[in-house]
Structure formats: structure tokens, C-alpha cells
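Enquirer: Quick one: the structure is below, and I'll ask about it shortly.
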Amino acid sequence: MPDSSHCAADDTALEPAAGRTSRDGVLGHDAMAARLAAISIELNNHEALWRALAFREPVLAWEAAHPALAAALRALSLETAEALHADPRACADWLARWLPVERWRALAEVGAWPRHALRPWPREFQRDVPGRKWAQIEAFAGAVRDGGHACIDWCAGKGHLARAVSQQWNQRAVTSLERDEALVAAGAALARRARLPVVPHACDVLSEAVLPWLRAPHHALALHACGGLHLRLLHAGAAARLPAISCAPCCYHLGAQAGRLVISVAGHTHAPRLRPEDLRTAVQETVTAPGHARRHRCRVQQWQLGFDLLQREVRGVDAYLPLPPIDAATLAGGFAAWCRALAERKQMRVPEDVDLARVECAGQERFRVVTALDLVRHQFRRLLELWLVLDRALYLSEQGYLVGVGEFCPRELSPRNLLIDARL
């Protein structure tokens, strides 16, 4: 990473914040505002397509308006539907016969932040951090410009990002804030071994205890801060007039409150009707999940869908019934045992003569249909996520920051690859 004096002279790094789109495609203020408005139009015009949840609704409201598309989706094999989910380009090409997916794709495009050269890493850095997580930290450090300030690693875990930034930015002092005291202790040990000026502190950033840490001029860094945690940083950091905030948001639905889903004036002007559950759609891409995790999720969903069909029949109520999570131990007991245990928990009586093997097969078939129908809703994942990121970036702009939005790593490394960078 270049030192701060070099970065201060780097005009291209400041270009997005000057209110235009840079040659790299990073969005500055004017481009952000225009893009948010354009995405809002698409989300409002096609609300039925992205709000419908095939997992909860056996027949979707939009199917009547798009009968040819619905029929084509329901005819897809599970293998074909899963292949289309795994290949966004092929999926867009397939859906283009019925929907304006090319327009949506263009609206979702964002350029990459300019990369800075990085110093060689100490060997133990990569040894101490899981491979994909390390690659994400390296990409984040290579995209964020050093503004010359002491840093705060927000929701730091073991402080991996804190140590990386300190090492790259000439032994920069970094305060890492983390609620879990065990992680704080582990981070302190790693910082001592690396001989870096990283000081971990146990602090719940959602509490008032975080405010004293924001009184000094710090550069706040947050890599994949979930939901309410990144909103807290943006609100508290802007109120404290931190000179720089670099944040890659994640898991927008966690800690989301219905009245706080949208935070910018620009966002409220154009906002689609967002519910907390709609924010889950933005983070349902699973390109980084290992194969065994995907197989586990498929089996869990097949069981849940089978039980959903069963409970509608047994209760005589054609409505979705929320279910508890299924752990690996429960899976080992088999579908029939799980169904009867869950029915008892839900105070439902399942007749002894119900063919639960048939119900399990029905769940598998419904999983095939749900997987296919979700191809439509998932076309809006990136649009929804970009809308949320632009709303948060424009909030900082409204607070007087120069702000840019761009990708800090490829989608294959992390689908949550959008970086908001704000400077006073």
C-alpha cells in the first residue's frame, strides 16, 4: 500500500468522490443519485416479481400476468434450474425472452475501485486467516486509500483486517472494536506476535460505550459489517465527523427495523416498498458456499417444503407456517421422524395413515419448482443490494462527505463486494 503522502497526490483515487463516474466505473455522487432513481423505477414497476416468495406461496401472483414464463419455469428440471442459478449470464439470456433483464443488468453494473500496490505480507498473516477470508481482506486493503489517520476496525473479530491495514500503512495505529471477549483476547495475542500497534477492545458498537472511541479523528474500516452494525457505523461515524469511513456492508436484513430500512433523503424520495424479509433477497447469492453446505441446504429446504404441504392439509389452512431451523442431527433421524416431532411441537395431529414417504417426495418436487421460479426473483438481487448500498452512500453524502461506491473484489471471491468509501 502506498504511503499517505503518495495517496494524497493520487487524483484518480479522488475522482469518484468529485461527483462523477470515474473511468473505472466507480460511482460518484451524481451517478449514485441517478442510478438510485433509475433502479427505483424498475423495482417499483416490477414489484410483483421480486416480492413474491415461491418458498411460501405455491402459486405466485405474477404467474397470471406472465403465463408463458411461468410454464417454462415450471417445466425446468432441477439440474437445469440449478445450472442457471450458478451462471448469471446464462440465466439472463434464458429469461430475456420474457423480461427486460439486460436493462436490469446494466443498472446493476458497478466498476472496481482502483487497486493500490501492496507490500509483501508476513507469512503468518495468511497462515492465521482462512483462505477465502484472507483473500477478501487483501482485496479490501488493496482498494481502500490511506488517508493518514489512525484507524478503527469496526466489529473486528480477531482483528485480521486491523493487522493487515497496520502492516500495509506503515505500522499505523489501529483500534479494533469487538463485542466477544474471547475474540478480543485472540486478537490481542495475534497483534503481539505480529509486533503491530493494533489494540483490541471489548466494545458493543451498538451501545453508547462506542461513542468515546469516535471522538478522535479516525478512519473507520468495516469489512462485511452486518445489518444494524454497519448502519450504526454510518450514523455514529457521520455524527462524530470521522474524517474517513470505508465500509463493505453485508446481511442487510440482520437487525433491520421496518422504519430504518432506508436512511437517506434521496432514498426516501424514491424508495420501493421494502420489508425486512425483502432484504434477504439481496444476500441470497451463494457462490462462496462449499458443496456440502449447498447439499445440506437443499435437503433442509426439501423437508421444509414437504412439511409445508403437510401442515396445510392437516390444519386445513392454506397458509405458510414458519418453522424452526433443522440441524444436522435432526436430519440424521429421517424425514418421517422429524415431521412427527415437529407436528407435535406445533400442536398438530398427523393421522397415522398419512404416507410421509409421499409427502417427502412432494417436497422434493416442490423444491424443483421453487428453485426454478426463484430464477425470476433472484434477477433482482443485485439491484436490491445496489439500491441499499447507494442509499447508505447517499446518506453519507448528505452529511457532507465525498463518497464513492465500487467493487473491491470479484463476485467469485465474495458476492458482498461493494465498498462505500467516504471522506470529509
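Enquirer: What do you reckon, is residue 157 of a type outside the set (Lys, Arg), assigned to a loop (DSSP other than H, G, I, E, B), under 18 Å from residue 119 (Cα atoms) and in contact with a strand residue (DSSP E or B) (Cβ under 7 Å, 6 or more places away or on another chain)?
Expert: Values: of a type outside the set (Lys, Arg): yes; assigned to a loop (DSSP other than H, G, I, E, B): yes; under 18 Å from residue 119 (Cα atoms): no; in contact with a strand residue (DSSP E or B) (Cβ under 7 Å, 6 or more places away or on another chain): yes.
Against the criterion (of a type outside the set (Lys, Arg), assigned to a loop (DSSP other than H, G, I, E, B), under 18 Å from residue 119 (Cα atoms) and in contact with a strand residue (DSSP E or B) (Cβ under 7 Å, 6 or more places away or on another chain)), residue 157 does not qualify.
Enquirer: Considering only region 297-331, state which residues are surrounded by 11 or more Cβ atoms within 10 Å (Cβ to Cβ) and either without any contact (Cβ under 8 Å) to a residue 12 or more places away in the chain or under 21 Å from the mean Cα position of the chain (by Cα) (or both). First the steps, then the outcome.
Expert: Within region 297-331, the first condition is being surrounded by 11 or more Cβ atoms within 10 Å (Cβ to Cβ), and the residues that meet it are 297-315, 320-321, 323, 326, 330-331.
Correct list: 297, 298, 301, 312, 313, 330.
Enquirer: From the list 392, 377, 381, pick out the single residue that is under 26 Å from residue 226 (Cα atoms) and modelled with pLDDT under 95. Give the derivation first.
Expert: Working: 392 fails: modelled with pLDDT under 95; 377 fails: modelled with pLDDT under 95.
After applying the criteria, what remains is 381.
Enquirer: While we're looking at this one, here's another question. Within region 15-38, which residues are modelled with pLDDT of 50 or more, within 20 Å of residue 409 (Cβ to Cβ) and not aliphatic (A, V, I, L, M)?
Expert: Hits for region 15-38 are 24, 25.
Enquirer: Being among the basic types (Lys, Arg), closer than 29 Å to residue 205 by Cβ, outside any strand (DSSP E or B) and under 26 Å from the mean Cα position of the chain (by Cα) narrows it down to one of 89, 172, 103, 145, so name that one.
Expert: Working: 89 fails: closer than 29 Å to residue 205 by Cβ; 172 fails: under 26 Å from the mean Cα position of the chain (by Cα); 103 fails: closer than 29 Å to residue 205 by Cβ.
From the options 89, 172, 103, 145, the qualifying one is 145.
Enquirer: List the pairs whose first member sits in region 138-161 and is on the phi > 0 side of the Ramachandran plot and among the hydroxyl-bearing types (Ser, Thr, Tyr), whose second member is modelled with pLDDT under 95 and assigned to a strand (DSSP E or B), and whose Cβ atoms are under 6 Å apart, counting only residues at least 6 apart or on separate chains?
Expert: Nothing qualifies.
Enquirer: I'm trying to understand the selection: among the residues of region 378-407, which are crowded, with 20+ Cβ neighbours inside 10 Å and either free of Cβ contacts under 8 Å to residues at least 40 places away in the same chain or more than 14 Å from the chain's Cα centre (by Cα) (or both)?
Expert: Result: 379, 391, 393, 394, 395, 396, 397, 401, 403, 404, 405, 406.
Enquirer: Only one of 68, 54, 48 is outside any loop (DSSP other than H, G, I, E, B), outside the structural domain of residue 395 (by TED's automatic domain parsing), among the small types (Gly, Ala, Ser) and closer than 25 Å to residue 364 by Cα. Can you tell me which? Outline the logic, then answer.
Expert: Values: 54 fails: outside any loop (DSSP other than H, G, I, E, B); 48 fails: closer than 25 Å to residue 364 by Cα.
Being outside any loop (DSSP other than H, G, I, E, B), outside the structural domain of residue 395 (by TED's automatic domain parsing), among the small types (Gly, Ala, Ser) and closer than 25 Å to residue 364 by Cα holds for just one of 68, 54, 48, which is 68.
Enquirer: Does residue 282 satisfy the criteria of being under 28 Å from the mean Cα position of the chain (by Cα), closer than 30 Å to residue 134 by Cα and surrounded by fewer than 19 Cβ atoms within 10 Å (Cβ to Cβ)?
Expert: Numbers: under 28 Å from the mean Cα position of the chain (by Cα): yes; closer than 30 Å to residue 134 by Cα: yes; surrounded by fewer than 19 Cβ atoms within 10 Å (Cβ to Cβ): no.
Judged against the criteria, residue 282 is not a match.
Enquirer: Follow-up. So, in region 207-222, of the ones that are under 25 Å from the mean Cα position of the chain (by Cα) and without any contact (Cβ under 8 Å) to a residue 40 or more places away in the chain, which residue ends up surrounded by the most Cβ atoms within 10 Å (Cβ to Cβ)?
Expert: The selected residue is 210.
The values are calculated or read from the model by the stated rules, or taken from the named source; none is laboratory data. The shown structure was predicted, so the numbers you read here are calculated from the model rather than taken from an experiment. Cβ coordinates were reconstructed from backbone atoms using ideal geometry, including for glycine residues, and neighbour counts include every protein chain displayed.
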